[in-house]
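Asks: Quick one: the structure is below, and I'll ask about it shortly.
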């Protein structure tokens, strides 16, 4: 494990999955701060798109979630005959155990790295990984993680990834900042000048991610969510302007999710394995 990955593991073991006021630190840093009716409808539709993709493997599913941490995919367990959660943080796995136990689903939790999964080839009907791989700082390690996840899915199965889009066309300021950070030499200077983020963040281009998965089967990419974490946490639907923006996002995602992957901040990548 690289020093940066070990640093991330230590963050989650000691800080990220600890509870503060009923929420984990991870949820406070990256999750929803409020859930009005528009955003509740958005989350429901995003989950429905994810479930639709996983149905390609034909539930009930033997599913592995890679990087489940303390926030496992509870919205998927009713589709599973067996749920396996993998994470490198023992603290996260203990929180996951507490959250999965009331569901009644048969589950197994294993400590492991996404770059070295402790399973034989074609062990699962489907795999799911959300907001994990782009926190791996080295490009070659991200490529290894993609290959490992694809490896453990059976032929005819499905792997679904929720990933960051580094160049969201709908957010020109964010797009420009990412282009500057990715520029050789200039990016190193900017990274030294900006405050250190709690986790490494290295989103790769959509075309690069497609290329990693294409050898394994058919790859499709759709919008997962238009909003960024900052937008999610700072634009309230309880203000008139915020409500308008969230309503626009809701309408656009609902009608055009399959055509707007390059517009928003997060995408859903589906590998249908040959």
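Asks: Taking segment 32-56 on its own, how many of its residues are in contact (Cβ under 8 Å) with a residue 12 or more places away in the chain and closer than 22 Å to residue 161 by Cβ?
Replies: Of the residues in that region, 12 qualify.
Asks: For segment 212-233, give me each residue that is in a helix (DSSP H, G or I) and touching a helix residue (DSSP H, G or I) at 6+ places or on another chain (Cβ under 9 Å).
Replies: 212, 213, 215, 216, 229, 230, 231, 232, 233
Asks: Confirm whether residue 191 is touching a helix residue (DSSP H, G or I) at 6+ places or on another chain (Cβ under 7 Å) and at pLDDT below 95.
Replies: yes
Asks: Further question: Checking the structure you have, find out if any residue of segment 192-207 is part of a strand (DSSP E or B), touching a strand residue (DSSP E or B) at 6+ places or on another chain (Cβ under 9 Å) and in contact (Cβ under 8 Å) with a residue 60 or more places away in the chain.
Replies: No, segment 192-207 contains no residue that is part of a strand (DSSP E or B), touching a strand residue (DSSP E or B) at 6+ places or on another chain (Cβ under 9 Å) and in contact (Cβ under 8 Å) with a residue 60 or more places away in the chain.
Asks: Same structure again: Can you find a residue that is exposed (fewer than 14 other Cβ atoms within 10 Å of the Cβ) and within 27 Å of residue 259 (Cα to Cα) anywhere in segment 180-191?
Replies: yes
Asks: Another question, then. Go over the candidates 272, 238, 250 one by one and state the one that is out of contact with any strand residue (DSSP E or B) (no Cβ under 8 Å at 6 or more places or on another chain), touching a residue at least 40 places away in the same chain (Cβ under 8 Å) and surrounded by 15 or more Cβ atoms within 10 Å (Cβ to Cβ).
Replies: 250
Asks: Then there's this: Of all strands (runs of 3 or more DSSP E) completely enclosed by segment 85-178, which ones contain at least 3 residues that are crowded, with 23+ Cβ neighbours inside 10 Å and under 17 Å from the mean Cα position of the chain (by Cα)?
Replies: The qualifying strands (runs of 3 or more DSSP E) are 124-130, 153-164.
Asks: I need the full set of residues from segment 212-235 which are free of Cβ contacts under 8 Å to residues at least 40 places away in the same chain, within 21 Å of residue 50 (Cα to Cα) and surrounded by fewer than 18 Cβ atoms within 10 Å (Cβ to Cβ), in order please.
Replies: 214
Asks: Exactly one of these conditions fails for residue 52: (1) out of contact with any strand residue (DSSP E or B) (no Cβ under 9 Å at 6 or more places or on another chain); (2) surrounded by 14 or more Cβ atoms within 10 Å (Cβ to Cβ); (3) at pLDDT 95 or above. Give me its number.
Replies: Every listed condition holds for residue 52 apart from (2).
Asks: Considering every residue within segment 244-253, establish whether at least one is more than 17 Å from residue 50 (Cβ to Cβ) and not in a helix (DSSP H, G or I).
Replies: no
The values are calculated or read from the model by the stated rules, or taken from the named source; none is laboratory data. All values derive from a computational prediction rather than experimental measurement. All Cβ positions, glycine included, derive from the backbone under ideal geometry; neighbour counts span all protein chains shown.
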